[in-house]
Amino acid sequence: MKTPISIPFPAGTRPKLRFSTGACKFNLKPGENSSWVEGSYDDPTDNLPCVIEQSGNEVSISQSRNISGLVNVFNRTPTFDLILSSQNPFDLVMEGGASDNCVELGGLPLSSVAVSFGAGKFEMSFLKPNPILMDSFKVSTGAGSMTLLKLLNAGFKNLRVEGGAASYKIDFTGQLGQDCNANIQIGVASLDLDIPSDVPVAVKSETTLGGIEMGSGFTTKDGWLVNQAYLTNPSPALSISASVALGSLKLRIANSTGGA
C-alpha cells in the first residue's frame, strides 16, 4: 500500500525531524517544496505501516514493529521516497536497522545531523553547501557499508564518526567555510579517506592491528600528515584524527569534485 506523506513546518524555532526505520529502502533528497516533508511510503507487505508523530517542535517518522510482517520484508521491501524543504533550518536525526539508504542533503539549512544505523548500506552526500553553520554532526554504525560524500559542504564545525564492523568511504571534498575538526574511530573495518587538494588539511592517523596506505601529496609536519594547501596557508583548515583498531586505513588526494 502506498501512503502519501506531507508534513508542514512546526510553528516554533529550530524544529527536529527524526526518522526511525527498520528493514526498508530509504531515499531522501532536498527540494523547494513549502511543506517540510513531501513524498510517499510504499509498503507492499501491508504489515509495516508508516507512523507519523509530533510532540512540540519534533516530528518523528517511523515504521511500526509488526513482527508477523517481517517474514515477507526481504522479498517485498518497503520504500520511503521523500523530499525535504530547504526553506527553514532544522535538526535531523536518522536511526535505522538493516536498510538500504540513499540520502542527499545538499543545500538544506541543517543545524545538526545525527545518524545511527545498526547494519545495511548507507550513502549520504552534500552536493551543495549548507547555508548555515552545522553545530553538531555525528555518525555511528554497527555493520555494513557507509559512504559519506562531499562532507565539507555540510558546514560542520565538529564531526564524530564511530563504527564497528563496517566499510567506510569518506570524501572530504567541498567548500571549507571555517576551521573544522573530524574525529573518526573505527573498529574492525576498512577506512578510505579522500582528502581535497585545494583545502588545507592535517591528518593524524593510527592503526592498532592493521596498516596505513598513503597516496602521494602528503608531507609530515609536527606529527601530522598535511597536504600542500596546508603548507601554503594552514588556516582555515580541516583537522582529521583517524583511528582504526583492526583494519586498513587508506589516504588519498582527491580533486575538488570528489574524483580521483
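Just so you know, all these numbers are worked out from the coordinates, no wet-lab data involved. In this text, all values refer to a predicted model and were calculated from it rather than measured experimentally. Neighbour counts run over all protein chains shown; Cβ positions are idealised from the backbone, glycine included.
Collect residues whose amide H, placed 1.01 Å from N in the peptide plane, falls under 5 Å from the amide H of Met94; neighbours closer than 5 in sequence don't count.
Correct list: Phe19, Ala114, Val115, Ser116.
Listing Ile253, Ile240 from the residue with the fewest other Cβ atoms within 10 Å to the one with the most, what is the order?
Ile253, Ile240
Explain nothing, just compute: Karplus ³J(HN,Hα) = 6.51 cos²θ - 1.76 cosθ + 1.60, θ = phi - 60°, for every residue of segment 76-86 in order, whole Hz, x for Gly and Pro.
9, 6, x, 9, 9, 10, 10, 10, 9, 6, 9
Kindly provide the helix-only [θ] at 222 nm of the chain, computed as the sum of -39,500 (n - 2.57) over DSSP H runs of four or more divided by all residues, to the nearest 500 deg cm²/dmol?
Mean residue ellipticity at 222 nm (helix-derived): -500 deg cm²/dmol.
How large are Rg and Dmax for segment 1-87 when only the alpha carbon atoms are used, in Å?
When restricted to the Cα atoms of segment 1-87, Rg and Dmax are 13.5, 42 Å.
May I ask you to derive the relative contact order of the chain, considering only C-alpha pairs under 8 Å and at least 6 residues apart, and to give it as an integer percent?
RCO, the chain: 14 percent.
If you plug each phi of segment 120-129 into the Karplus form 6.51 cos²θ - 1.76 cosθ + 1.60 with θ = phi - 60°, what whole-Hz ³J(HN,Hα) values come out, in order, with x for Gly and Pro?
x, 10, 9, 10, 10, 9, 10, 6, 10, x
Non-local amide H neighbours of Ile184 (under 5 Å, H modeled in plane, Pro and chain starts lacking H): which ones?
Excluding prolines and chain starts, which carry no amide H, the hits are Val161, Ser241, Ala242, Ser243.
Using 7 Å Cα-to-Cβ label points, what is the Glu32/Gln178 separation (nm, one decimal)?
The modelled label-to-label distance comes out at 2.9 nm.
Would you calculate the separation in nanometres between label points at Gln87 and Asp222, each defined as 7 Å from the Cα along the Cα-to-beta-carbon direction?
Distance between label points: 4.8 nm.
Arrange the following residues from fewest to most other Cβ atoms within 10 Å of their Cβ: Val244, Val59.
By the 10 Å Cβ count, ascending: Val59, Val244.
Please arrange Arg252, Arg14 by how many other C-beta atoms lie within 10 Å of their C-beta, fewest to most.
Arg14, Arg252
If one computes P(r) from the Cα atoms of segment 113-260, what percent of pairs lie at distances over 18 Å?
For segment 113-260, the fraction of Cα-Cα distances above 18 Å is 53 percent.
Give the Kirkwood hydrodynamic radius (Å, one decimal) of the chain, defined as one over the mean of 1/r across all pairs of different Cα atoms.
Taking every pair of different Cα atoms in the chain, averaging 1/r and inverting gives 19.2 Å.
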